[in-house]
Ligand SMILES: [Fe+2]
Ligand SMILES: [Fe+2]
């Protein structure tokens with residue numbers, strides 16, 4: 001099937017064949033180049049003999065970058081005790097790679113800020129999601145003892161940048177994918193693949209190649225919806241992405257939680273409480289980073305961050321009660337939080353331990369298929385007869401939280417409290 005979509009910057013109609021990677025590459029050529037300062041910095045910092053003065057010289061030649069670097073260095077993101085007023089001081093404290101990464105993120109954001117055509121894709125919420133993923137990724141990387149946590153911040157901040165490009169250069173197809181994701185509860189990357197023949201990971205990686213991002217960053221962007229293997233950077237970005245969605249911080253156009261691969265938990269050995277602590281400790285930093293990247297220019301009065309974050313305790317009402325049957329909390333945590341943020345009270349259940357079964361309205365069982373979930377339920381009913389009439393749901397790929405929430409809502413009796 002051939003369709004016509006508007007070309008970039010109103011340059012006329014360009015024929016698009018479904019699945020054409022070539023068209024993607026051609027359209028991405030229309031993006032402006034990143035400022036030369038970013039490439040200079042990459043070259044300088046890749047030199048093992050690079051000196052602070054050489055890097056300082058490159059950054060100071062770009063006044064707006066200097067201002068943004070100093071603003072970022074002094075933000076809660078770095079939590080420094082004393083104020084940093086020179087690029088030299090920033091370089092001494094943070095290191096050359098951190099400065100290069102700052103330049104990369106600041107200019108990438110500026111180049112993409114004007115992109116976007118669909119009203120249904122909320123750019124402000126998108127950058128809030130990106131900021132949250134960046135901050136979470138940095139903290140998860142530190143917990144996983146990854147040597148360069150600021151690299152994880154950049155990877156988290158930019159992991160979804162392909163969506164901005166699709167929104168600009170493939171607007172009708174992207175709108176179709178967003179609608180399918182929302183209406184059919186199918187992951188956005190799958191919908192994009194169906195409509196375009198490639199997903200936002202591929203589009204983002206193509207931009208990264210054009211802008212000469214470090215190879216590792218391009219790889220994480222390209223494969224952030226694929227199993228991470230032994231790649232710690234990919235693992236922290238995937239978990240950070242899921243956490244941002246679970247806690248409803250910003251919106252990425254795809255509310256469905258990506259199932260977390262078991263290798264992620266091996267690479268990031270954190271328990272449930274540690275993940276919750278990371279989120280609570282990150283709220284101010286997310287707002288600051290969002291403000292930093294969201295500000296049009298430094299002269300403007302900073303707008304209060306449009307944080308859409310809510311604590312579960314604020315959101316939770318007298319909603320449905322759900323029991324999760326599981327033996328391992330952490331892998332299910334994002335899903336539990338997602339339900340809590342949907343006014344669903346969650347209780348974790350160990351089949352062998354007693355629990356107040358008469359308080360439970362729905363059972364969610366972590367199993368590969370519905371028949372298995374029903375088997376678990378029938379075992380539970382032996383010890384907890386009150387569960388006999390309680391509906392059971394199965395959570396496993398591709399059963400994703402919004403589909404589960406929708407099922408729960410459909411199953412709620414008319415008399416049950418609603419939001
Ligand atoms: Fe993504
Ligand atoms: Fe994302």
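The values are calculated or read from the model by the stated rules, or taken from the named source; none is laboratory data. Note that the structure is predicted; figures quoted are calculated from it, not measured. No Cβ is skipped: glycine too gets one built from the backbone with ideal geometry, and neighbour counts run over all protein chains shown.
Tabulated data for the structure shown
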quantity: Single condition residue 99 does not satisfy, out of (1) outside any helix (DSSP H, G or I); (2) in contact with a helix residue (DSSP H, G or I) (Cβ under 6 Å, 6 or more places away or on another chain); (3) closer than 27 Å to residue 60 by Cβ; calculated: (1)
quantity: Selection count, region 226-259, where residues are away from ligand 1 (no atom under 11 Å from the Cβ) and more than 18 Å from residue 191 (Cα to Cα); calculated: 18
quantity: Any helices (runs of 4 or more DSSP H) falling wholly within region 160-225 and containing at least 2 residues that are more than 14 Å from ligand 1 (Cβ to nearest atom) and under 22 Å from residue 34 (Cβ atoms); calculated: 161-169, 200-210, 215-222
quantity: Selection from region 127-151 of residues that are buried (at least 20 other Cβ atoms within 10 Å of the Cβ) and either farther than 12 Å from residue 233 by Cβ or within 16 Å of ligand 1 (Cβ to nearest atom) (or both); calculated: 127, 128, 129, 130, 131, 132, 133, 134, 135, 136, 137, 139
quantity: Test: residue in region 265-275 that is within 16 Å of ligand 2 (Cβ to nearest atom) and buried (at least 21 other Cβ atoms within 10 Å of the Cβ); calculated: no
quantity: Residue within region 164-173 that is within 16 Å of ligand 2 (Cβ to nearest atom), in contact with a helix residue (DSSP H, G or I) (Cβ under 8 Å, 6 or more places away or on another chain), farther than 27 Å from residue 72 by Cα and not assigned by TED's automatic domain parsing to the domain that holds residue 41 present; calculated: yes
quantity: Residue tally, condition within 13 Å of ligand 2 (Cβ to nearest atom) and either surrounded by fewer than 22 Cβ atoms within 10 Å (Cβ to Cβ) or closer than 14 Å to residue 282 by Cα (or both), over region 225-240; calculated: 2
quantity: Among residues of region 116-158, those that are under 17 Å from residue 251 (Cα atoms), part of a helix (DSSP H, G or I) and touching a helix residue (DSSP H, G or I) at 6+ places or on another chain (Cβ under 9 Å), counted; calculated: 17
